[in-house]
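Structure first, commentary second.
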Amino acid sequence: MEREWLFSLIPLTIGTIFLGIGVHGLRRASALRRTGVTAEARIVRHDVSRGDEGAKYYHPVAAWTARDGRLCEYASRFGRGAVRSGFRVGAYVVVRYDPQAPQRFAIEGWDMRWVDLLFTVLGTVFAVGTVTVVLVRLLTL
């Protein structure tokens, strides 16, 4: 085994990045569930982003008044290709936000926990799988 092990750095790096993204998202969601405050918000518009292939993704922008009286208006970090009727402009939704940093929020029914779980699982599979293959390869030389 000369330089072949260098190729294992590719899936290991991808796995580590995916794992970091997934764990960060899960910790953020957990913190919002523990210490977040709920408020009724209204969807005021949709920010539109485009994917690499030109697909449109709609990010609802929710507006609400925080407990301390501040007006908050932020776009969801998740975008979807289509907007369901409950999330159209003018619809009322429930948001859970961090009182110290209201830009950290989640729209109930829109933000998806499974995306963070998917990143965590894929990252774990890539990282642990790569390390296992390299260790087996090293031990059988």
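The values are calculated or read from the model by the stated rules, or taken from the named source; none is laboratory data. Everything numeric here is computed off the predicted structure, so don't read it as measured data. Every residue, glycine among them, receives a Cβ derived from its backbone with ideal geometry; neighbour counts consider all protein chains shown. We work out accessible area using only protein heavy atoms, side chains counted, and drop any ligands, DNA or RNA first. Shrake-Rupley method; radii C 1.70, N 1.55, O 1.52, S 1.80 Å.
With all protein chains kept in place, the per residue accessible area of the chain amounts to 65 square angstrom at a probe of 1.4 angstrom. Using the Cβ-Cβ distance between residue 30 and residue 136 with R0 set to 30 Å, the FRET efficiency from 1/(1 + (r/R0)^6) comes to roughly 0.30. Over 21 Å apart: what share of the alpha carbon pairs of the chain falls there, rounded to a whole percent? Above the 21 Å cut-off, the chain has 56 percent of its Cα pairs. Cα centroid separation, the stretch 1-40 to the stretch 94-132: 8 Å. Relative to the longest principal axis of the Cα atoms of the chain, the long axis of helix 113-139 lies at roughly 10 degrees. Potential lengthening of the chain between residue 125 and residue 77 amounts to 14.8 nm, from the contour at 0.36 nm per residue minus the alpha-carbon distance. Modelled this way, with points 7 Å down the Cα-to-C-beta line, the labels at residue 84 and residue 49 are 2.1 nm from one another. Rounded to the nearest 10 degrees, the inclination of helix 9-35 to the longest alpha-carbon principal axis of the chain is 30 degrees. Once the Cα-Cα distance is subtracted from the 0.36 nm per residue extended length, the residue 92 to residue 63 segment shows a gain of 9.5 nm. Leaving out ligands, DNA and RNA, and with a 1.4 Å probe, what % of the accessible surface on the chain is carbon or sulfur? Its accessible area is 60 percent carbon and sulfur atoms.
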